[in-house]
Amino acid sequence: MKLAVSGTYSSGKTLTVMTLAHYTGIPRTLAATIREIMPLAVPGKTLSQVTPAEYLQLAMRRHVGRAVAESQFPDGFLSDGSSLQEWIYAATRLAYGMDPSSTSHLERIPREELTPEMRFFEAVVAQYGHAFKQHVKATFDSFVHLANELPLSADGHRPMNSAFRDECDAMLLGTLDELRIPYHVISGSFSERLGRIVDLFGFPVVMPVDEAIALGRREYARIDKRMEADRAAAAA
């Protein structure tokens, strides 16, 4: 089973995948995140500061990292999202700007008001979407989509814009329907979500759920959440 745990940012994907890997013994893919890629790709910048061209580089690097990581587990794996996110997070910026946090109080940007730079960004993102959708369709057997029910995490990295997040969520589900990839929307407490996923797919259980949750939380706590400029300075 090649399963993606899907959802927008602040939906709990990363912790869910980490914990599920401990709980079931199924390997999870280990691809560098955008946060980890940024000090190398756009040193000294935060995600809110990147240009359209730089964002395309980040999305390409993230997709390639995912594809390489997925290829390491031909017999099955758990994935923290999929390349659909890289396309959708880019496409939705056409309506909310490159820094969606700064436009959270505004209406969507009408397409006729896009600058020439953003119109070119739109065309490239559409091509990325064409390729990324084909990759996801050929790779994954099923998706678990985490309901968009958790509060936004104000970590300085992820956009603080509920409308942006809601639109990303709707696009993810609509694209899964378009690609005819089976998926299940999961909600509830963290332990309820884990139990539901295990039951849906008949996954093995290799340890008590409380132990798996503790291991997952410990692993999640080790993620480097420093701002990109701080990470770049430390790496220099």
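The values are calculated or read from the model by the stated rules, or taken from the named source; none is laboratory data. Fair warning: this is a prediction, and the values are worked out from it, not measured in the lab. All Cβ positions, even for glycine, are placed from backbone atoms using ideal geometry, and neighbour counts span all protein chains on display. The accessibility values were calculated without ligands, DNA or RNA, using every heavy atom of the protein model including side chains. Shrake-Rupley method; radii C 1.70, N 1.55, O 1.52, S 1.80 Å.
The helix-based estimate of mean residue ellipticity at 222 nm for the chain, built from -39,500 (n - 2.57) per DSSP H run of four or more residues and divided by its residue count, is -17500 deg cm²/dmol to the nearest 500. If the chain linking residue 40 and residue 53 were pulled fully straight, counting 0.36 nm for each residue of separation and taking away their Cα-Cα distance, it would gain 3.2 nm. Given +1 at the Cβ of Lys and Arg, -1 at the Cβ of Asp and Glu and no other charges, the dipole of segment 1-130 around its Cα centre is 260 debye to the nearest 20. Of the GluC sites (Glu not before Pro) found in segment 65-120, the ones in coil according to DSSP and having at most 14 other Cβ atoms within 10 Å of their Cβ are 107. Heavy atoms of the protein chains alone define the surface here; on that basis the chain has 47 Å² accessible area per residue at 1.4 Å probe size. Length gained on full extension, residue 33 to residue 142: 37.1 nm, using 0.36 nm per residue less the C-alpha separation. Test of understanding: what is the full-extension gain from residue 68 to residue 108, defined as 0.36 nm times their sequence separation minus their Cα-Cα distance? Here the answer is 10.9 nm. Within the accessible surface of segment 1-154, defined with a 1.4 Å probe on protein heavy atoms only, the carbon and sulfur portion equals 57 percent.
Estimated at the nearest 10 Å², the accessible area of residue 177 is 90 Å² with a 1.4 Å probe.
Can you tell me what percent of all Cα-Cα pairs in the chain are more than 23 Å apart? The calculated P(r) of the chain puts 49 percent of pairs beyond 23 Å.
Could you please report the charge total around residue 92, scoring K, R as +1 and D, E as -1 over all other residues with beta-carbon less than 11 angstrom from its beta-carbon? Computed value for this residue: 0. For segment 80-112, trypsin sites (Lys or Arg not before Pro) are listed when DSSP marks them as loop and at most 10 other Cβ atoms sit within 10 Å of their Cβ; the list is empty.
In a reduced charge model with +1 at each Lys and Arg Cβ and -1 at each Asp and Glu Cβ, the chain shows a dipole moment near 400 debye about its Cα centre.
Taking 19 Å as the straight-line reach from the Cα of residue 137, the aspartates and glutamates in range (excluding those fewer than 8 positions away in the same chain) are 70, 75, 80, 86, 169, 177, 178.
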